Amino acid sequence: MHMVAIVTALSLLEFMAFAMLVGWARGKYGVAAPATAGHPVFERYYRVQMNTLELLVVFIPALWLFGHYVSEPWAAGLGGVFIVGRLLYLLGYVKDPKKRELGFGLSFLPVVVLLLGGLYGAVRALF
Amino acid sequence: MHMVAIVTALSLLEFMAFAMLVGWARGKYGVAAPATAGHPVFERYYRVQMNTLELLVVFIPALWLFGHYVSEPWAAGLGGVFIVGRLLYLLGYVKDPKKRELGFGLSFLPVVVLLLGGLYGAVRALF
Amino acid sequence: MHMVAIVTALSLLEFMAFAMLVGWARGKYGVAAPATAGHPVFERYYRVQMNTLELLVVFIPALWLFGHYVSEPWAAGLGGVFIVGRLLYLLGYVKDPKKRELGFGLSFLPVVVLLLGGLYGAVRALF
């Protein structure tokens, strides 16, 4: 499962970069911790980080289940789409919250496929 | 560990349904992204999602540790209680934040048992 | 991987303690759910929990990747530093948000080392 391990680490590196962008946006837009609101552009960076956190919690277990039960190369490929999708989500959302759809779809759909595929594979393995 | 894998996937599917409910509540109660406040009922859906996220981060590793070190069928059973408890938590919280206690207990207690049991099993395996 | 399993469980126990502190701070500072703002000291406890959640999502997979691909005792040791760092982060942040730096560094740096080391190990294993 080396490929799945590499995709896991890359998706987490991307998330840490998003978190560091939030820290940078705190300084630039004058939103001191512990506040998480106060400037609309800061709030977009913060929502990108939180939404990515929400998806990662599903993505990582789903990636490993799919890699184990269905196909490791397909898991890694879908994981790569997820990572690119998250980057597009960041770039779109920061420009305009309405422009987040393409990036959202490109990261949400791989998670759905990984999760449903992993569930299907585990159910088939049990019976 | 097929049963534990299935419970993992089902708990993540439930979480994705909660996240989609938040998106739906954004439209219904007029709370445009990136805001996460502005209407009391929307805020309940949002808190259900966030609280479930917080618990999932503990639940999934604890489920696997308990399944590995203690008992897989018990892990799957406690995981099933967690999933039902989260559903009751959603239904109670949205009706009235004070009515979230039963669902909270039914999902919090399984997590505590899985985590302490998993820790105990890992310590025993080491010595 | 018993040591890594124990460190995983201990870090999750610490996170659950942080979450219970937020519940206690709700009562003490009069911030009823679903609100997450309203009193500056409550907001510090809440940010400690959220920031720990964000780091845990990276920490746990990184801990296992490092333990698997690089060194289990080093993974467990870095994990122990993370747990102590999070405790210092809590104690510093609640006293004064500006005093959170030492604890932040002591928990952020181990995560970076675990993640980059795990990635390096997985890439080396693939080639």
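So how much accessible area does C:M50 have, in Å² to the nearest 10, using a 1.4 Å probe?
My reading of the accessible area for C:M50 is about 0 Å².
If you take the accessible area of C alone, add that of A alone, and subtract the area of the pair, what total do you get in Å², probe 1.4 Å, to the nearest 100?
Separately minus together, C and A give about 2000 Å² buried.
Quick one: if the Förster radius is 45 Å, what FRET efficiency do A:V41 and B:L116 give, using the C-beta to C-beta distance and rounding to 0.05?
Details: r = 44 Å, r/R0 = 0.97.
Rounded to the nearest 0.05, the efficiency is 0.55.
Let me spell out the model: positive unit charges on the Cβ of Lys and Arg, negative unit charges on the Cβ of Asp and Glu, origin at the Cα centre of chain B. What dipole size does that give, in debye rounded to 20?
Result for chain B is approximately 340 debye, rounded to the nearest 20.
In whole Å, what is the distance between the alpha-carbon centres of segment B:37-64 and segment C:80-102?
The distance from the Cα centre of segment B:37-64 to that of segment C:80-102 comes to 24 Å.
From the label point of A:H39, set 7 Å from Cα along Cα→Cβ, how far away are the matching label points in the other copies, in nm, ordered shortest to longest?
3.0, 3.0
Give me the 1.4 Å probe accessible area per residue for chain A, excluding ligands and nucleic acids, in Å².
Heavy-atom SASA per residue in chain A reads 42 Å².
May I ask you to report, in nm to one decimal and beginning with the shortest, the distances from A:L126 to the same position in the other copies, taking label points 7 Å along Cα-to-Cβ?
3.2, 3.2
Among A:A33, A:A17, A:A76, which one shows the highest mean-square fluctuation when chain A is modelled as a Gaussian network with alpha-carbon springs under 10 Å?
A:A33
Tell me, in nm to one decimal, what length is gained between A:M20 and A:L102 on full extension, where the rule is 0.36 nm per residue of separation less the Cα-Cα distance? Intermediate results must be reported in sequence, preceding the final value.
Details: separation 82, 0.36 × 82 = 29.52 nm, distance 2.32 nm.
Extra length available between A:M20 and A:L102 comes to 27.2 nm.
Compute the Cα gyration tensor for the protein assembly as shown, then decide on rounded, prolate or oblate, letting a ≥ b ≥ c be the square roots of its eigenvalues: rounded whenever a/c is under 1.5, prolate when a/b is larger than b/c in the other cases, and oblate in all that remain.
In terms of gyration-tensor shape, rounded.
Apply 1/(1 + (r/R0)^6) to the Cβ-Cβ distance of C:R124 and A:A33, taking R0 = 45 Å, and write down the FRET efficiency to the nearest 0.05.
Working: r = 38 Å, r/R0 = 0.84.
For R0 = 45 Å, the calculated efficiency reads 0.75.
How much mean residue ellipticity at 222 nm does the protein assembly as shown get from its helices, if each DSSP H run of length 4 or more adds -39500 (n - 2.57) and you divide by all residues, to the nearest 500 deg cm²/dmol?
It lands at -30500 deg cm²/dmol.
Please build a GNM for chain C, connecting alpha carbons under 10 Å apart, and tell me which residue among C:G85, C:G67, C:G38 fluctuates the most.
Residue with maximal mean-square fluctuation among C:G85, C:G67, C:G38: C:G38.
In chain C, what residue has the beta-carbon at the shortest distance from the axis of the rotation relating C to B, and what is that distance in angstrom, rounded to the whole number?
Spelled out, residue of C and its Cβ distance from the axis onto B: C:V57, 4.
The values are calculated or read from the model by the stated rules, or taken from the named source; none is laboratory data. In this text the structure is predicted, and so the values were computed from the model without any measurement. Cβ sites come from the backbone with ideal geometry, for glycine too, and all protein chains shown count toward neighbours. Remember, those area values only see protein heavy atoms, side chains included, never the ligands or the DNA or RNA. Shrake-Rupley method; radii C 1.70, N 1.55, O 1.52, S 1.80 Å.
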